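Engineer: Please see the structure below; I have some questions.
Please treat every number below as a calculation from the coordinates, not as lab data. Keep in mind that this is a model prediction, so the values were computed, not measured. No Cβ is skipped: glycine too gets one built from the backbone with ideal geometry, and neighbour counts run over all protein chains shown.
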Amino acid sequence: MDKTSCYHCGDDCGNNPISHNEKNFCCVGCKTVYEIFANNDLSYYYDLQSAAGSTPKEIEGKYNFLESADIVEKLIEFNDNGIQIINLYIPHIHCSSCIWILENLNKLNHGITTSQVDFPKKTVRITFNSEQTSLKDLVLLMSKIGYEPYISLDDYNKKEKKVDRSLTYKLGVAGFAFGNVMFLSFPEYFEVGEFWLEQFKGVFRWLMFAFSLPVVFYAAQDYFVSAYKGLRSKFLNIDIPIALGIAVLFLRSTLDITFDWGTGFFDSLTGLVFFLLLGKFFQQKTYSYLSFERDYKSYFPIAVTRITKDNTEESIQVYDLKSGDRLLIRNGELIPVDAILINGNARIDYSFVTGESEAVDKKSGDKVYAGGRQISSAIEIEVLKSVSQSYLTQLWSNAVFQKDKSGSFQTLTDSIGKRFTIGVLTIAFVSAFIWLIIDPSKTINVFTAVLIIACPCAIALAAPFTLGNMLRIFGRHKFYLRDTQTIEQLAQIDTAIFDKTGTITTAEKGHVYYEGLKLSEEEESLLKNTLRSSNHPLSRKLYDILSEHNIVPLDSYEEHLGEGIMGATKSDKIKIGSATFVGKPQIKNGDNTSVHFSANDQYKGCYIFQNNYRDGVSEIFSNMAQDLELAILSGDNAGEEKTLNKLLPKGTPLHFNQKPEGKLQFIRTLQEQNKKVMMVGDGLNDAGALAQSNVGIAISENVNVFSPACDAILDAKNFTSLYHYIIASRKAIKIIKLSFILSLLYNVIGLYFAVTGQLEPVIAAILMPLSSISIVLFTTIATNILGRKLAKQ
Amino acid sequence: MSVIYLLLTLSIIVAVVFFAAFIMAIKNGQYDDSYTPSVRMLFEDELVKKTNEETEKDI
């Protein structure tokens, strides 16, 4: 039989699809969403893109905090006369259907005036009438149709982000001036001394001067600022010769037209600035929906439920939590502060914080730490420390997070800038000196001509275009880099450090095998039926793995917290749980997690859960070991040591039980030995190490969901290609170096004209764009070839 | 030949008008999201598209 897939979300419907209107659904949730859409004439949603939806999640009580006016006030962008505007981040936005349905929200709730989706950012901006509807209703509606917004502590009191559009303005100004100046300078390229030209050239020239003013004083100001900064810190960056070139171009041209020496170089000047800005524009950040700056705030809830003295529940903002407050943490909620468990069965998943794969059980009176996620029924906790003082959040007070990593790195272009500046100035002075002897009247002419023609436009363009293009190519391979600098850093890496849990192991089903006596049909059925009743994650895992059996009602079922479960029918009794619980002395089995069970008080055997390593881990590590130093840095215990030793190249150092602080320190120690370190991790526990390392790469199963602050985000599916990416980065650097040589050739030709005193404006006007365009072509073609090779691997 | 002054003035005015329009477009955020509008324009104008099945009011 063919598998039926859900009409709404496209998931496999399993054995019992829910049929409705001749369509199959995998669950009631999906069916409900379909009904909402169908009843509101919104079924066009399914015509645009089939199976675009997602299953709505249980959200009971989750958004109660939106009832609090104070919190709502901090979230919304605009509030006046009953009109409110909010910008919500919706991770599920992924296709045109999503845009369509979200922009038709007003069909579902008439309080909504307009909604507008920003697809690249995955946000929707909703304007609504606060008298007819509320933010909570809105969020509930969106959750109900499978578009649950993500609201975290990060959104709280977020200052309205100013979009920086200055580069677009500057590019516009430079392009406008460039085009007009080109037209105005055209006549004088061909004819000099012609009657009409003689008469009007003054007007033409001064118009060009006027057009170049905004270019020099507005569009090019970044280069002057950067050159000034470089000089002040005694560092000769590439912007110094550029700024010098622009300044000399402008002054010389102005003098030229004032004293009628010539037409000036306004065409080259505006063209130069335009091309330079184009390069800058090209390497701008392209993944607006990914954030590389996340800290714990993006994970933490904005509000939690506090239990007041008279036992009522109220939402309270996380920052307002004080020691002594009692909180209610529901299933699936995050514990925002260090606290003591008062009531309920805590089963806390710390994988995010510590990297440990198994959830831990806590008894009342135990301490629970911020960042853990409760994964069984609701619990009550008492706050010990405020948010900012909790164990996890303290990591962010480390100086590493305040440091701007990009500031300290010297790019390839800048490193060539120093030699270039010295070289150009030497040539300029020497040739000026020589001309002073031959023909003093031409000295200034030659001196300025050298500075003009040597302006390293092409050099400055090589890196932005190569790296900008590589950034896009990597993006297509689901390797998202923060900026182009990361590619340069990546090319220099000599040490690679990996986290274990979630990085080289998958978060999906671990490999499970059975050790023990063979089971009879009845026993297996009983096992499965007992597991059905338990919500323990291991039970769920095991339940999914075991083959289908008929449902047999149990006569009795008991759950012993932290020990195991017991089920019985008329004839048989089964105990599932820890070794001691089922009546077997504890045995060592390599610290792997195992579930033991006994039937009718006879020990049968155990299921062993193994960490599941990603496919090809062994291969990629042995490839990397060729020219990188490797190490594993795990927050987990040493249980996997043997397996890892087998899997990884011989002699790979393994470090277990690493605290977040310790990971950071480890990287720092390596860097003090002048190593260029790449850290690959996934959880918040790696956040410090990711920030400290030269290149921090976060592995993510789903890039739309969250990863800690890092330099690059890599889709887990492409983990095995990581080494290819490093090699590709190195090749990209080679491309840049080649184009440096190419542009130096142009400079040599230009310098020949300049030094011999023959530099006509028209030569400069041809040479400059020609060199720039050929560099852009060369780098684009070379990187595309590189990209194609990458695609084949 | 003073007509050339007139022509120059006119052409520059036209250029400046378009430039101003461009600046306005940036200011209004037209270049902030260059993808969504390209999808949005393909949607049907009238969104109502009745399904033939009887609608159940049991949400």
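Engineer: May I ask you to give the average projected area over all directions of the convex hull of the Cα atoms of the stretch A:64-155, in nm² rounded to one decimal?
Structural biologist: 5.5
Engineer: Something else about it: For n ≥ 4 DSSP H runs only, could you compute -39500 (n - 2.57) per run for the protein assembly as shown, divide by its residues and tell me the 222 nm figure to the nearest 500?
Structural biologist: -13500 deg cm²/dmol
Engineer: Okay, moving on. If the label point is 7 Å along Cα→Cβ of A:GLU73, which residues in the stretch A:130-151 have backbone nitrogen under 19 Å from it?
Structural biologist: Correct set: A:130-131, A:134-136.
Engineer: If you don't mind, another one. Which whole number gives the average count of other chain Cβ atoms within 10 Å of the Cβ atoms across peptide A:93-100?
Structural biologist: Other-chain Cβ atoms within 10 Å of each residue's Cβ, averaged: 3.
Engineer: Tell me, Kirkwood radius of the stretch A:1-55 from alpha-carbon pair distances, in Å?
Structural biologist: Every distinct Cα pair counted, the radius reaches 11.0 Å.
Engineer: Most exposed first by the Cβ proxy, i.e. fewest other Cβ within 10 Å, how do A:ILE101, B:ILE13 rank?
Structural biologist: By the 10 Å Cβ count, ascending: B:ILE13, A:ILE101.
Engineer: Taking H as built 1.01 Å from N, whose amide H comes closer than 5 Å to the amide H of A:LYS573, not counting residues under 5 places away?
Structural biologist: Close amide H contacts, sequence-distant or interchain: A:ASN600.
Engineer: Then there's this: I'd like the mean, over residues of A:318-326, of how many other protein chain beta carbons sit within 10 Å of each residue's own Cβ.
Structural biologist: The mean count of partner-chain Cβ atoms within 10 Å per residue comes to 0.
Engineer: Report the net charge of residues surrounding A:PRO91, where surrounding means a beta-carbon distance below 11 angstrom and charges are Lys +1, Arg +1, Asp -1, Glu -1.
Structural biologist: 0
Engineer: What order do you get for A:LYS170, A:LYS584 when you list them from fewest to most C-beta neighbours inside 10 Å?
Structural biologist: The most exposed by this proxy come first: A:LYS584, A:LYS170.
Engineer: Now for a separate question. Which whole number gives the average, over all residues in A:35-46, of C-beta atoms from other chains lying within 10 Å of the residue C-beta?
Structural biologist: 4
Engineer: Sort A:87-94, A:319-326 by the packing proxy (mean of other Cβ within 10 Å over each peptide's residues), most packed first.
Structural biologist: Sorting A:87-94, A:319-326 by mean packing, highest first, produces A:87-94, A:319-326.
Engineer: Let me ask something else. Order these by the 10 Å Cβ neighbour count, fewest first: A:THR426, A:THR127.
Structural biologist: A:THR426, A:THR127
Engineer: What are the ³J(HN,Hα) values, in whole Hz, obtained from phi via the Karplus relation 6.51 cos²θ - 1.76 cosθ + 1.60 with θ = phi - 60°, for each residue of the stretch A:430-443 in sequence order, with x given for Gly and Pro?
Structural biologist: 3J(HN,Hα) across the stretch A:430-443, in whole Hz: 4, 5, 4, 5, 5, 5, 4, 7, 6, 8, x, 5, 9, 4.
Engineer: Still on this structure, please answer the following. What is the local net charge at A:ILE238, summed over the other residues whose Cβ is closer than 10 Å to its Cβ (Lys, Arg +1; Asp, Glu -1)?
Structural biologist: So the environment of A:ILE238 carries a net charge of -1.
Engineer: Applying 1/(1 + (r/R0)^6) with R0 = 60 Å to the Cβ-Cβ distance of A:ILE766 and B:MET41, what FRET efficiency is obtained, to the nearest 0.05?
Structural biologist: Approximately 0.90, to the nearest 0.05.
Engineer: Show me the ranking of peptides A:477-490, A:453-466 by mean Cβ neighbours inside 10 Å, starting with the highest.
Structural biologist: Most protected by this proxy first, the peptides run A:453-466, A:477-490.
Engineer: Still on this structure, I have one more. Amide H neighbours of A:SER315 under 5 Å, counting only residues 5+ apart in sequence or on other chains, H built in-plane at 1.01 Å?
Structural biologist: A:ARG306
Engineer: Also: So what's the projected area for chain A, the Cα convex hull averaged over all directions, in nm²?
Structural biologist: Mean projected area of the Cα convex hull: 43.1 nm².
Engineer: Which of A:LYS23/A:LYS528; A:LYS229/A:LYS280; A:LYS62/A:LYS367; A:LYS122/A:LYS229; A:LYS363/A:LYS642 have a Cα-Cα distance over 29 Å?
Structural biologist: Over 29 Å apart, Cα to Cα: A:LYS23/A:LYS528; A:LYS122/A:LYS229; A:LYS363/A:LYS642.
Engineer: Which of the peptides A:268-276, A:135-143, A:200-208, A:444-452 is most tightly packed, and how do the rest follow, judged by the mean count of other Cβ atoms within 10 Å per residue?
Structural biologist: Descending packing order for the listed peptides: A:268-276, A:444-452, A:135-143, A:200-208.
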